[in-house]
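So the structure is just underneath, and the comments pick up after that.
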Amino acid sequence: MAGGENKSRQSRLAFLGTLASGLAHEIKNPLSAMSVNLQMLREELDAQGSPREQRMLKRVGVLEREVARLEEILDGFLRFARGYKLEPVRQSANALLREVVEFWAAKAHAAGVDVQLVLEPDLPDVLIDANYVKQALLNLLNNAFDALTQRPAAEKSGREQVLVCSRRAKDGVEVLVIDNGPGIPVDARPQIFDPYFSTKAGGSGLGLPTARRILEELGGALSFDSELGRGTSFRLLLRTAPPPAPPPGDVPPPPG
Ligand SMILES: Nc1ncnc2c1ncn2[C@@H]1O[C@H](COP(=O)(O)OP(=O)(O)OP(=O)(O)O)[C@@H](O)[C@H]1O
Ligand SMILES: [Mg+2]
């Protein structure tokens, strides 16, 4: 019974998803026509022209920005709704973490955020699509960055820190992305994985749902722990790759 309800809920959601994607596609065409026409209008107006022309140019600018914003929202939605074509291959989680965190640390350091990477050696390989897992990690790192930097100077400790660690877990490798920021408000916690939930001006609210979706499609998981005034830790579970098949020459002879 419950399973049946779940199924019908799922198929209703899938239907709504298809409908919404169709709608988003339909909106894209008129939007790009608007953008092309605004561009032409801009070319006809003279920036050194009459005050009236200058006022019109300003309004064209406002319209262009709003159209660009709508296009961005639609692209984000379509990318999320379409799902991903993941191509998992076996690889070292630590190597990926080193690459992503070293690249990202430059931005953190420039903002006075300390970055630590603590990797457990000799971890088993995981089965992941590196490009997508990188995206998921960057979403988490950027959230930590925002939590640490987008707060009033009086609330900052001057010891803003992000810690990334890896360790062996039961069915794979666990990665923790920990910040010592303000923590997630209790009433926001049930919503942070909802698409479009954001407490940031200009936030898309797609960062966490995207990250969770990527990890779940790889058979892993994404969860978090947060304590007000102390910080937040996101936990990614990456699945261990099955042991590599022995090369053909190494097949042991049949017994007997
Ligand atoms: N490390 C964190 N510390 C405190 N709050 C967090 C943290 N990570 C996420 N959040 C909260 O979860 C919300 C949703 O995060 P999500 O990444 O999905 O969207 P966003 O960061 O607001 O927008 P975008 O990812 O497009 O920049 C954030 O707006 C913030 O309120
Ligand atoms: Mg985010």
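The values are calculated or read from the model by the stated rules, or taken from the named source; none is laboratory data. The model shown is predicted, which means the values in this text are computed figures rather than measured ones. Cβ sites come from the backbone with ideal geometry, for glycine too, and all protein chains shown count toward neighbours. Side chains included, ligands, DNA and RNA excluded: accessible areas come from the protein's heavy atoms. Shrake-Rupley method; radii C 1.70, N 1.55, O 1.52, S 1.80 Å.
Things worth noting here:
- Considering all C-alpha pairs of segment 89-239, those separated by over 22 Å amount to 37%.
- Net +/- balance of residues flanking residue 109 in space, Cβ distance below 12 Å, scoring K and R +1, D and E -1: -2
- Efficiency of FRET between residue 117 and residue 154 - r from beta-carbon atoms, R0 25 angstrom, step 0.05: 0.25
- Local electrostatic count at residue 148 - Lys and Arg +1, Asp and Glu -1, tallied over other residues with Cβ under 14 Å: +1
- Extension gain, residue 131 to residue 196, is 21.1 nm, computed as 0.36 nm per intervening residue step minus the present C-alpha separation.
- Per residue, the chain exposes 62 Å² of accessible surface when a 1.4 Å probe is rolled over the protein heavy atoms with every protein chain present.
- Percentage of interatomic Cα-Cα distances in segment 2-82 larger than 14 Å: 71
- All other residues whose Cβ lies under 12 angstrom from that of residue 72 are scored, Lys and Arg at +1 and Asp and Glu at -1, for a net of +1.
- Carbon + sulfur, % of accessible area of the chain - ligands and nucleic acids excluded, 1.4 Å: 56
- Where Cα atoms sit under 23 Å apart: lysine pairs in the chain separated by 8 or more or lying on different chains: 8
- GNM result for the chain, Cα springs below 10 Å: residue of 182, 243, 209 fluctuating most strongly: 243
- Scattering profile of the chain at q = 0.10, 0.11, 0.14 Å⁻¹ [log10 I(q)/I(0), Debye over alpha-carbon scatterers]: -0.69, -0.80, -1.08
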